[in-house]
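Down below is the structure, laid out as structure tokens.
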Amino acid sequence: MAKITFLGAARTVTGSKYLIEAEGKRLLIDCGLFEGSKDLKQRNWDRIPVDVASIDWVLLTHAHIDHTGYLPRLVRSGFRGPIYANVATRELCELLLPDSAHLQEEDAQFAARKAYSSHKPPLPLYTLAESQAALAQFRDIPSNAPFTISSQFSVRPHQAGHILGATWLELTITENNKQTVVVFSGDVGRYDQPILKDPESPTHADILLCESTYGDRDHETGSVADALADVINSTAKRGGALVIPAFAVDRTQLLMYYLRVLQEQEKIPQLPVYLDSPMAINTTILYIRHRTDYDLKPQENLDPLNAQQVHMTRTVEDSKKINDVVSPCIIISASGMITGGRVLHHLARRLPDSRSTVLLVGYQAEGSGGRALLDGARYLRIHGEEVPVRAQVVEIGQLSAHAGRSELLRWLSCLQALPRQTFLVHGEPNALDSFRNAIASQYHWPVTIPDYLQSFDLDL
Ligand SMILES: [Zn+2]
């Protein structure tokens with residue numbers, strides 16, 4: 001009997017991993033890292049409660065680290081099978097996984113110097129070499145056509161509109177000549193956004209796994225360009241710096257797109273823009289290379305690197321030099337949730353300055369630095385030191401890469417029959433409960449919110 005086990009993203013938004021078993025074969029959908037609180041991150045170090053060597057394949061929805069960042073650890077623990085993903089997802093992983101390893105190694109070294117780690121001596125979760133070993137197991141699959149994995153499993157990926165290469169998966173499980181269609185939403189994106197195409201909607205699912213990141217709320221409506229112009233103009237007027245902790249993938253490209261539009265329309269002053277993240281720079285180049293995947297109008301130019309006064313700082317020395325800039329400027333730097341990366345040193349420099357602004361442009365998980373700022377923290381712990389928060393903290397919710405509650409309901413609206421079971425995943429408890437109620441009142445479907453490590457028969 002086919003079975004699913006929730007190895008992550010159960011009652012939380014990170015660590016996506018769903019193990020599917022049929023006829024003794026094991027397929028892992030996504031292989032994400034837990035991020036956020038100390039307790040969640042501890043799960044990355046705990047032994048995965050499955051014989052890793054017995055997993056036959058991994059299949060990815062998209063490249064984000066909370067869906068792929070555990071792969072090096074999985075390979076190190078004995079996984080030897082293929083990792084299936086489309087070309088854009090593989091190319092993004094070639095940037096993201098080594099970067100993730102690099103951050104792990106850096107954090108471990110820093111913790112060793114400052115002696116504040118609970119591991120003695122502090123160790124990285126995985127190394128650069130281990131991330132390369134995982135990448136060597138990647139195999140390309142079509143981004144929008146059926147692909148047969150084995151006699152038990154075949155998959156049809158569909159456009160999710162979330163980031164470059166992002167898909168939701170229509171998995172057909174064949175067992176004893178009986179077929180069950182399981183839909184994995186991955187992360188569902190937005191409708192009517194620049195750059196990426198709209199998400200396609202599923203029409204049939206026996207079993208549905210739906211993300212619920214924003215299951216309890218909709219994004220603000222209103223023009224992103226206007227909101228961004230307001231923040232830039234008010235910060236520039238005070239003579240401060242605008243620090244944007246940006247997700248290197250997608251948020252950065254959207255921001256650069258909007259900055260360019262605002263510059264062209266002369267709605268913002270000509271400020272220096274520092275794109276301070278080698279990852280974000282490389283991802284932007286990748287986005288430009290895959291421009292056939294977008295729904296840009298012919299007159300729209302996806303070349304945000306052409307925005308004026310953009311400085312792309314690849315080296316650490318150049319990054320540190322930004323600390324010397326005293327006139328108004330815009331600093332776009334990862335990570336987007338303030339959980340690591342170069343943005344930490346910019347925040348250590350700019351947070352104590354009341355003229356400056358920190359602009360948050362995406363989901364901020366519980367336990368992250370970004371969430372602490374949104375919750376009004378007066379100090380932020382950066383590299384073991386308490387940094388006072390005097391800068392303005394502003395959020396532009398419209399820039400999220402995740403569908404809001406109504407967009408999730410819209411995504412579900414094309415299903416022609418009631419799924420036998422709907423599992424809500426990838427959400428924090430409030431969002432999950434609220435979205436379960438929304439589905440119950442709108443569609444009258446049976447909905448389950450699975451627990452971490454819980455298993456279910458898919459035959460039901
Ligand atoms: Zn994602």
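Six or more apart or on different chains, Cβ under 9 Å: which pairs go from a residue in region 155-179 that's without any contact (Cβ under 8 Å) to a residue 12 or more places away in the chain to one that's part of a strand (DSSP E or B) and among the β-branched types (Val, Ile, Thr)? Could you list them?
Gln179/Thr172; Gln179/Ile173
Within region 101-114, is even one residue within 16 Å of the ligand (Cβ to nearest atom) and either surrounded by fewer than 17 Cβ atoms within 10 Å (Cβ to Cβ) or modelled with pLDDT of 95 or more (or both)?
Checked against the condition, which is being within 16 Å of the ligand (Cβ to nearest atom) and either surrounded by fewer than 17 Cβ atoms within 10 Å (Cβ to Cβ) or modelled with pLDDT of 95 or more (or both), region 101-114 yields no hits at all.
Looking only at region 208-255, which residues are over 30 Å from Ala417 (Cα atoms) and touching a strand residue (DSSP E or B) at 6+ places or on another chain (Cβ under 7 Å)?
Restricting attention to region 208-255, the residues satisfying the condition of being over 30 Å from Ala417 (Cα atoms) are 220-255.
Of everything in region 208-255, those that are over 30 Å from Ala417 (Cα atoms) and touching a strand residue (DSSP E or B) at 6+ places or on another chain (Cβ under 7 Å) turn out to be Val231, Ile232, Thr235, Gly240, Ala241, Leu242, Val243, Ile244, Pro245, Ala246, Thr252, Leu255.
Working only within region 313-356, note down all residues that are surrounded by fewer than 16 Cβ atoms within 10 Å (Cβ to Cβ) and either in contact with a strand residue (DSSP E or B) (Cβ under 6 Å, 6 or more places away or on another chain) or under 17 Å from Glu395 (Cα atoms) (or both).
Ala348, Pro352, Ser354
Given the conditions (1) within 16 Å of the ligand (Cβ to nearest atom); (2) surrounded by 21 or more Cβ atoms within 10 Å (Cβ to Cβ), and given that Leu95 satisfies all but one, which numbered condition is not satisfied?
Looking at each condition in turn, Leu95 falls short on (2).
Could you identify the single residue in Asp51, Asp39 that is away from the ligand (no atom under 16 Å from the Cβ), more than 18 Å from the chain's Cα centre (by Cα) and closer than 25 Å to Glu366 by Cα? Break it down stepwise before answering.
Values: Asp51 fails: closer than 25 Å to Glu366 by Cα.
Exactly one of Asp51, Asp39 is away from the ligand (no atom under 16 Å from the Cβ), more than 18 Å from the chain's Cα centre (by Cα) and closer than 25 Å to Glu366 by Cα, namely Asp39.
For residues that are among the aliphatic types (A, V, I, L, M), more than 16 Å from the ligand (Cβ to nearest atom) and either surrounded by 17 or more Cβ atoms within 10 Å (Cβ to Cβ) or assigned to a strand (DSSP E or B) (or both), tally how many sit in region 136-184. Before the answer, list the steps.
Step one: filter region 136-184 for residues among the aliphatic types (A, V, I, L, M), giving 136, 141, 145, 149, 155, 160, 163-164, 166, 169, 171, 173, 181-183.
From what's left, more than 16 Å from the ligand (Cβ to nearest atom): 136, 141, 145, 149, 155, 171, 173, 181-183.
Next, from what is left, pick out any that are either surrounded by 17 or more Cβ atoms within 10 Å (Cβ to Cβ) or assigned to a strand (DSSP E or B) (or both): 141, 149, 155, 171, 173, 181-183.
Qualifying residue count for the region: 8.
Within region 395-411, can one find any residue that is in contact (Cβ under 8 Å) with a residue 24 or more places away in the chain, touching a strand residue (DSSP E or B) at 6+ places or on another chain (Cβ under 6 Å) and either surrounded by fewer than 20 Cβ atoms within 10 Å (Cβ to Cβ) or not in a loop (DSSP other than H, G, I, E, B) (or both)?
Within region 395-411 (the criterion being in contact (Cβ under 8 Å) with a residue 24 or more places away in the chain, touching a strand residue (DSSP E or B) at 6+ places or on another chain (Cβ under 6 Å) and either surrounded by fewer than 20 Cβ atoms within 10 Å (Cβ to Cβ) or not in a loop (DSSP other than H, G, I, E, B) (or both)), the answer is yes, since at least one residue qualifies.
Any residue that is assigned to a strand (DSSP E or B), within 16 Å of the ligand (Cβ to nearest atom), out of contact with any Asp or Glu (no Cβ under 7 Å at 6 or more places or on another chain) and closer than 24 Å to Ala10 by Cα - is there at least one of those in region 58-75?
yes
The values are calculated or read from the model by the stated rules, or taken from the named source; none is laboratory data. For clarity, every value in this text was computed on a predicted model and none was experimentally measured. A quick note on method: Cβ atoms are made from the backbone with ideal geometry, for glycine too, and the neighbour counts reach across all protein chains shown.
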